[in-house]
Structure formats: C-alpha cells, structure tokens
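Take a look at the structure below.
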Amino acid sequence: MLLVSFLFFVLTPIVVRGIGAYVFKGTVEYRRMMFDQFGRGDEEKLKLEIAASVAYRKPVYDAISAFEKELAEMPRARRKELKPIFKSVREEVAGLLGPAPGQPLPALTRRLYGQTRWNRAKVRRERVLFEESWDYSDKNSDGKKVLIPRRPIFEGTALVPLFDCVEYNLLQMMNPHTTFYGRFLTDKSIDAHFFGGIGPEVLGTIYLALGAMLIAVPLGVVAAIYFQEYAREGFVMTFLRSCVNTLAGVPSIVFGLFGLAFFINTIKVSNGKSVLAGALTLALLVLPTVIRASEEAISAVPRTYKEGALALGAGQWRTILTVILPAALPGILTGVVISMGRAAGETAPIIFTAAVSVGKMVGPLSMWSNPTPALSWNLYNICTEHEAVEEIRHVQYGMALTLVALVLALNLTAILIRARVSRRLKG
C-alpha cells in the first residue's frame, strides 16, 4: 500500500502535466503554425480566424507606430528613459502576437509565430503589462519578485492604448480552442522542440531497446543454459558467476564509456555514434538481468521433466529445447521484457554511443550506422540545457509521461505474456 501511495505521489504531477502536451488550448497562432509547417487544417477557416484576430491586434500595432513617431520628438532625457522600456515592450508584444505586419520575417521558426498555447499567452501578457523586479529589503530572504506596471510609465503617451488592448482583448486576439494533439507522439520536432512532437525520440528509443534485446536475449539465455545444464561447480563456475554479479553492479555511465572506447574507437562498429553502438552497450547493461532471470526460470522447472525426456530417449540438447525452455518461457519472458523497459529508460550508456540532442527520424535501413534522438537523453537535455526551458515545459512533461507509459506498458506486457504462456503450458 505504501508503494502504491508513493507511485501515485510521484506519477500524478507527471501524468497531469504530461497530458498538457496532448490536450491543451491552442491559439490561432498554433493553427497557423500547424498549417504552415505540417499542412494541416482548413485553409479557408484559418483565413477567417486570422482576419478576425488581426482586427483586434491592429490597435496594438497602431499604438506602437504612433509611439515610435512620438518618441523621436520627445526631449532627450525623456527619450533616454522610455526607449529601453519601449524596446522591451515591443519585443514582448512580438513574442505574444508574432511579427508585426509589414516587418521582415525572422529567420528562426520560433519567431515566425506568436504564442501557440493559451497558458503561455497569458504568461506573455503579464510580461507585456508588467516589468519584473526583485526586492531585497528583507535580509532574511533571498529576495521577493515584484511586478511593476508599465502603463503608468507611459501615461500621457500614444502607447497607453496598447496596454488596455493587451489586457482586455487577449482572448479575441488569440482565439484559443481546446485542441487534441495526438500526433505529438509521432511528429518531428521543429526548431529544437519549440513546435512539433517527439516522433524521432520515440522511434529512437524503440530502436535502441529492441536492438539491445536482440543481442542480449540470445547471449543471456545461452549463458543461463550453460550455467544450469552444462557447467560443473568449481573455480571456473564461481569466477563466471562472480563476473555476472560484478557486471550487474557496474554504474551505467561506465558502460557508456566502455561502449565509446571499445565499440566505436576500437572495433569501429560505426564511424561515430550509432544505434548499433548504443544497442550493443545497452545489451551489456541488461545482460546480467537476462542471465539471472533465465537461470531462475530454468532452475524452477521440475527435474522430473528432464528425467522423463531423457528416459524416453531424447538427448540433452533436445530436452533443453523441447522440454525445459518451453516450461521456463514465462520466467524468461518476464526478465526479457523488464530488461527491455530498463534499456528504454537508460540515459548514461547512450550519451557517448548513440544519442544526439537534435536529429531526424532514422530509417530502418540506416539506423545501425546513424545516431538517433532518444526519450531519456533528450528529456535530460531539454530540461537542463535548452535556452527556453520554461516555454517548453509541456514538451518536457510530455516526454516524461511517454517514457513512463512506455516502460509501464512493457512491464504490463511481461505480466500478460507470462500469464498467457502459463495457461497454455497448464493446458
């Protein structure tokens, strides 16, 4: 019960905020971006929406143009005081509504559009209306954020109508609609995750996890068969088991460094980072788990099964293939799927061997020689190194939710497969 409560406490914020990547209030800027970048939406309906929003935005741009003329005629001291504040206001308006009509289009995709999400539009509105400052008068605190209204600073100027329009007409200017963005799971990202989805990361994670299991499962099962059916107790057996146990305790970052040094720099499975190098490294990481799970499953098979098969004339290898392995299959599959879940969620082993921060979807034919984005690495990257961490919170939580859901789905699959195979074996 305590474990369930803990999981609920940990997962609830991830689920609640992660759903925001899929279901949210998208503004007219979002629909314009989706049409421009992905070709989705009704063009005629979008034109009408844009025309309606432009009518409400016009007073904002008129106020900016009028104030620019007024600023040039102000006394030097007043102009020096207001110019930097006006520059900040104009930049915030551009971030809220996008480039002003008639202005040259920016090179960066993120600056071609205003705020695409209603919650972020409201945050940006506050930045237009207020200037953020900090109060350090209380020596017992680290400082208190203070919002200073900008409107009184421009009182009596042509810019005042801008603040009224942004404060009271934002809904009409942005026209938010409840949106379900299911393709967040499959779309490519645009401009470092400012727009689009996490398709390359999801596909890369699947490639790495499946590739690791294709390598680790045969090796692990064969090793388990050797330990249980062929090896004799002694120094060699003790040494090999010690190696497996030691391998299970090695920090994951060490596997990443080993993968870089051995797979890439020594035997050169690829010219640099690649899915193959990452899969080989992850295979080594999960190999001890596969071996131990397979060993336990094989040892749990009643010895009478083996004795009966041998008594009927079957050889040892045939007995293993036709009697022992089918009976041990539920336990082996459980270990395999749990190992796959771990491989999907690991970050350190793929940093040096497979993962890149930004990349296209890798095709099946080129995946073994090319690097790939991956959920675990990209989640860490956009949470710590992205230049606009706050603006893409929905992507961070959406990635976290997707990764957690993927691992939980793999573990649920293990439970269902084990139950189904067990029922078949029981007849």
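Derivation of every value follows stated rules applied to the coordinates shown; laboratory data play no part. Since we're looking at a predicted model, the values are computed, not measured. Using ideal geometry, Cβ is built from the backbone for each residue, glycine included, and neighbour counts are taken over all protein chains shown.
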>> Residue by residue through segment 16-33, what is 3J(HN,Hα) from phi via Karplus (6.51 cos²θ - 1.76 cosθ + 1.60, θ = phi - 60°)? Round to whole Hz and write x for glycine and proline.
In response: 4, 7, x, 4, x, 6, 9, 10, 6, 9, x, 7, 5, 5, 5, 5, 5, 4
> In segment 199-426, what is the volume of the convex hull around the alpha carbon atoms, normalised per residue and reported in Å³?
Replying inline: 139
>> Given the options Ala121, Ala192, Pro288, identify the residue whose Cα lies farthest towards the positive end of the charge dipole of the chain (+1 on Cβ of Lys, Arg; -1 on Cβ of Asp, Glu).
In response: Pro288
>> Using helices alone, I'd like the mean residue ellipticity at 222 nm for the chain: each DSSP H run of four-plus residues gives -39500 (n - 2.57), total over residue count, nearest 500.
In response: -20000 deg cm²/dmol
> Placing +1 at every Lys and Arg Cβ and -1 at every Asp and Glu Cβ, with all other atoms neutral, what dipole size does segment 28-175 have around its Cα centre, in debye to the nearest 20?
Replying inline: 280
> Kirkwood hydrodynamic radius for segment 1-121: how many Å is it when counted over pairs of different Cα atoms?
Replying inline: 17.6
> When the chain is modelled as a GNM with alpha-carbon springs shorter than 10 Å, which of Thr281, Thr116, Thr157 fluctuates the most?
Replying inline: Thr157
> Under a 5 Å amide H to amide H cut-off, with H placed in plane at 1.01 Å, what residues pair with Glu131 once short-range neighbours are removed?
Replying inline: Ile148, Arg150
> Is the chain best put as rounded, prolate or oblate by its Cα gyration tensor, with a ≥ b ≥ c the root eigenvalues, rounded for a/c under 1.5, and otherwise prolate when a/b is larger than b/c, oblate when not?
Replying inline: prolate
>> Quick check: from the Cα gyration tensor, does segment 175-281 come out rounded (a/c under 1.5), prolate or oblate?
In response: prolate
